[in-house]
1. Answer with one residue from Thr80, Met94, Asn7: the one whose Cα lies farthest towards the positive end of the charge dipole of the chain, charges on Cβ with Lys, Arg +1 and Asp, Glu -1.
2. Once you charge only the Cβ atoms, +1 for Lys and Arg and -1 for Asp and Glu, what is the size of the charge dipole of segment 1-94 about its Cα centre, to the nearest 20 debye?
3. Suppose R0 equals 22 Å. What FRET efficiency, 1/(1 + (r/R0)^6) with r the Cβ-Cβ distance, do Lys34 and Lys59 give to the nearest 0.05?
4. Mind checking the dipole of the chain: about its Cα centre, +1 per Lys or Arg Cβ, -1 per Asp or Glu Cβ, Debye to the nearest 20?
5. Please list, in chain and number order, the residues 5+ apart from Val89 or on another chain whose amide H is under 5 Å from its amide H, with Hs placed from the backbone.
6. Given the options Met63, Met166, Met21, state which has the largest fluctuation in a GNM of the chain using a 10 Å cut-off (strictly under) for Cα springs.
7. Among Lys59, Lys146, Lys113, which one shows the highest mean-square fluctuation when the chain is modelled as a Gaussian network with alpha-carbon springs under 10 Å?
8. For every helix of n ≥ 4 consecutive DSSP H residues, a contribution of -39,500 (n - 2.57) applies; sum these over the chain, divide by its total residues, and give [θ] at 222 nm rounded to the nearest 500 deg cm²/dmol.
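No value in this document is a laboratory result; all are computed from the given coordinates. Bear in mind that the values here come from a model prediction, so they are computed numbers and not experimental data. Here the Cβ is made from the backbone with ideal geometry for all residues, glycine too, and neighbour counts use every protein chain on show.
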Amino acid sequence: MDTLKQNIILFDLDGTLTDSMEGVIRSVQYMQEKMGMRVWEFDELRFIVGPPLIESFTKELAMELPKAEKAVEVFRERYTTVGLFENKVFPGIMEMLEELKKKGKRMAVATSKKEDQAVRILEHFGIAPYLEVIGGDAREIGRDTKAKVIEYVLETMGAAKDDVIMVGDRKFDIIGAHALGLPCIAVEWGYGDREEFEAHDADIIAATTEDVANLF
């Protein structure tokens, strides 16, 4: 394969840079217990990591919007104090970022996680210095979809779309990137799988962090 020419690389956070599954799921279980719901088993809740919580609560847990909004508040009681750091950087991520930096790439994060939480995580794990922009969910100002987050990051960076590529681990990353006419590299070390990536027309599927670095 020819070397990719894009100079700007946008990364998803959960499932792409860090493995946040434990903190997210335990905080959802906390919410279920506090709200008098059946507490689902850990493995039953794996789907919850990645998409916007409000979407998962309304669609997958069949909550009416007011209840889903309350559920997000209860989730955050635990997540912002404990769950945020029940998290770890995937093996090879720091080496990948260092290699891409050496190649002169400009890097940023575009995540459906609340932006302030994303900043705290990326600073905590020492990833933030590699990133020009950290963009996340800010639904209070209407930035409430993956595509809107990506668009915000592009605007902040002054980026031309033909110079940008997205890297993520779920269909939401592919859909958000494609909505703006951007290609997307889907990575297999996160929470998605090849079947999901192929169903949503991922432009490239990468198995390892070394594979991603070697694409450029």
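1. Farthest towards the positive pole: Thr80.
2. 180 debye
3. That pair, Lys34 with Lys59, gives E of 0.55.
4. 560 debye
5. Asp19
6. Met63
7. Lys59
8. The per-residue figure over the chain is -11000 deg cm²/dmol.
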